[in-house]
């Protein structure tokens with residue numbers, strides 16, 4: 001089955017529309033791409049209220065529980081990651097390692113990225129967005 005997006009007017013398969021039980025065919029009238037564009041636009045236009053909502057949402061008991069479980073899985077998946085993470089934290093605290101701006105975009109707020117967990121103090125400094133992108137690139141290899 002196919003459906004026309006009321007926003008971009010493209011005819012797409014139903015899999016390209018989010019499900020919505022209240023609609024006659026069980027899917028929204030706006031395709032996923034248009035939906036995502038609207039969400040991004042809203043977020044940019046209302047960034048302060050969205051950030052406040054995100055902070056409050058992160059404090060919910062079910063979110064805290066999920067975060068703890070995700071962290072447990074992350075630690076169990078590769079023990080070297082946690083060791084490297086701890087080594088960097090300690091090196092920053094003792095002054096052996098100094099946080100630098102993002103090497104890609106220059107953003108001052110950065111995290112340490114390891115290309116090799118067996119070399120815990122060999123890091124590149126990336127902002128959160130560039131760090132996420134780097135992991136996508138590595139995963140694609």
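We did not get these values from a lab; they are worked out from the coordinates using the rules stated. These figures come from a predicted structure and were not determined experimentally. Cβ placement follows ideal geometry from the backbone for every residue including glycine, while neighbour counts extend to all protein chains displayed.
Here are the numbers:
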| item | result |
| --- | --- |
| Exposure proxy order (Cβ contacts within 10 Å, fewest to most) of 39, 111, 123 | 39, 111, 123 |
| For the range 2-47, convex hull of alpha carbons as volume per residue, Å³ | 72 |
| Net lengthening on full extension, residue 54/residue 41 (0.36 nm per residue, minus Cα-Cα) | 3.0 nm |
| Crossing angle, helix 61-77 versus the chain [Cα axis fit, 0-90 degrees, rounded to tens] | 60 |
| Folded to 0 to 90 degrees: helix 32-45 orientation relative to the chain principal axis, Cα | 60 |
| Kirkwood Rh (inverse of mean 1/r, distinct Cα pairs), the range 60-140, angstrom | 13.9 |
| Nearest-0.05 FRET efficiency for residue 138 and residue 73, computed from C-beta distance (R0 25 Å) | 0.85 |
| Residue order, fewest to most beta carbons within 10 Å, for 71, 110 | 71, 110 |
| Ascending count of other beta-carbon atoms within 10 Å, so fewest first, for 125, 74 | 74, 125 |
| C-alpha long axis of helix 79-94 to longest principal axis of the chain, angle in ° | 60 |
